[in-house]
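Beneath this line is the structure, given in structure tokens, with notes to follow.
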Amino acid sequence: MPKKIVITNNIRRLRFFANEMTQQDLAERAGVSRQTIIAIEAGKYSPSLELAFRIADVFGVAIGDVFAHQQEGE
Amino acid sequence: MLFVLDIMYFLYYYKYIQDNKGSQSIMSYQERRTIVSLLTGVAVIVAYSIYAFGRYQAGLVAAGDLKFWAGTMLIFVGIGILASIIIQIIFHILTSIGMAVTTKIRDQQASDKEIEASIERSIGSEMVEDEMDRLIELKANRVGFAAAGIGFIAGLVALLLGYSAVIMLNILFLSFSGGSLLEGIVQLYFYRRGVAHA
């Protein structure tokens with residue numbers, strides 16, 4: 001059975017480097033609620049591929065710069 | 001009664017904002033909306049129980065009078081739907097007022113136009129239903145449906161054990177209502193603890 005994948009993200013850091021962009025700003029630009037951005041940032045929700053690309057587009061970076069993955073136990 | 005519950009919740013929320021001025025950790029719009037739906041559901045079940053079982057205990061309903069129970073349940077289903085629509089409208093209005101008050105508390109100098117713009121922004125980023133809301137709704141629906149299904153089985157078992165059809169009807173009605181309450185509780189759980197796709 002394949003190991004579980006843990007997805008981490010750099011959204012907090014990217015927001016900081018985007019002139020301390022607020023969660024509300026990011027939510028508006030990505031077309032989701034602030035609650036969803038809070039959940040993604042805290043690692044409580046893994047977004048769909050579509051939303052992940054939209055978030056990456058907001059920061060103007062590649063999707064791999066926003067999200068990273070590792071196998072559980074690594 | 002439902003309106004009073006809503007007003008009480010609004011007062012609580014207003015006090016919460018005042019106690020947490022400048023804090024970012026206030027409950028989200030989705031959580032508040034779910035709590036309001038839950039309160040509405042609880043109020044409808046309580047009202048049904050008081051009315052229907054009250055009349056039954058007072059001896060105003062003949063034993064096995066299925067027409068009374070079916071009619072009462074239909075009326076309370078209607079009341080439940082109407083109440084949730086009305087309460088959601090009131091909740092939206094109160095939320096907008098709450099947002100205006102919050103903006104004013106945070107920035108005493110804010111003009112009416114700034115407050116209006118702030119409300120519009122909040123509506124855009126708070127009240128939008130997105131993929132996470134839909135996932136949570138789907139998962140919660142599954143739990144609610146399971147509860148209603150268990151109620152249906154319990155109703156059939158009650159019939160088999162020799163209980164009357166009135167008992168079965170009540171088990172069905174209360175399990176469907178309970179299932180919808182459970183749905184709300186599960187939604188709150190997922191909003192608090194997070195939700196995974198798998």
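Annotations for the structure displayed:
- B:ILE81 vs. criteria more than 21 Å from A:GLN35 (Cβ to Cβ), surrounded by 13 or more Cβ atoms within 10 Å (Cβ to Cβ) and either within 14 Å of another protein chain (Cβ to nearest Cβ) or within 21 Å of the chain's Cα centre (by Cα) (or both): no
- The sole residue among A:ALA27, A:ALA68, A:ALA56, A:ALA52 that is closer than 25 Å to B:ILE136 by Cα and not in a helix (DSSP H, G or I) is A:ALA68.
- Residue in the range B:10-20 that is among the hydrophobic types (A, V, I, L, M, F, W, C) and at pLDDT 85 or above present: no
- Per this entry, A:VAL32 is not counted among residues that are away from chain B (no Cβ under 11 Å) and outside any helix (DSSP H, G or I).
- Among the residues making up the range B:120-157, those that are over 24 Å from the mean Cα position of the chain (by Cα) and either within 14 Å of chain A (Cβ to nearest Cβ) or touching a residue at least 24 places away in the same chain (Cβ under 8 Å) (or both) are B:GLU120, B:ARG121.
- Among (1) modelled with pLDDT of 95 or more; (2) more than 23 Å from B:SER118 (Cα to Cα) - the single one A:ILE5 does not satisfy: (1)
- Selection status of B:MET99, within 13 Å of chain A (Cβ to nearest Cβ), over 20 Å from the mean Cα position of the chain (by Cα) and within 21 Å of A:ALA27 (Cα to Cα): yes
- When B:TYR189 is tested against (1) closer than 30 Å to A:THR22 by Cα; (2) in contact with a Ser or Thr (Cβ under 7 Å, 6 or more places away or on another chain), just one condition goes unmet, and that condition is (2).
- Some residue of the range B:31-48 being small (Gly, Ala, Ser), assigned to a helix (DSSP H, G or I) and farther than 26 Å from A:GLN35 by Cα: yes
- Any hit, the range A:3-23, residues being within 24 Å of B:PHE190 (Cβ to Cβ) and among the acidic types (Asp, Glu): no
- The range B:97-114, residues that are free of Cβ contacts under 8 Å to residues at least 24 places away in the same chain and hydroxyl-bearing (Ser, Thr, Tyr): B:THR103, B:SER111
- Of all residues in the range B:129-147, those satisfying the criterion of being of a type in the set (A, V, I, L, M) and buried (at least 18 other Cβ atoms within 10 Å of the Cβ) are B:MET132, B:ILE136, B:ALA140, B:ALA147.
- Selection of the range A:40-68 for residues being out of contact with any helix residue (DSSP H, G or I) (no Cβ under 6 Å at 6 or more places or on another chain), at the interface with another protein chain (Cβ under 10 Å from one of its Cβ atoms) and either surrounded by 23 or more Cβ atoms within 10 Å (Cβ to Cβ) or not hydrophobic (A, V, I, L, M, F, W, C) (or both) yields A:ILE40, A:GLY43, A:LYS44, A:SER46, A:GLU50.
The values are calculated or read from the model by the stated rules, or taken from the named source; none is laboratory data. Everything quoted here is computed from the prediction, not taken from an experiment. Quick reminder, even Gly has a Cβ in these numbers, built from the backbone with ideal geometry, and neighbours come from all protein chains shown.
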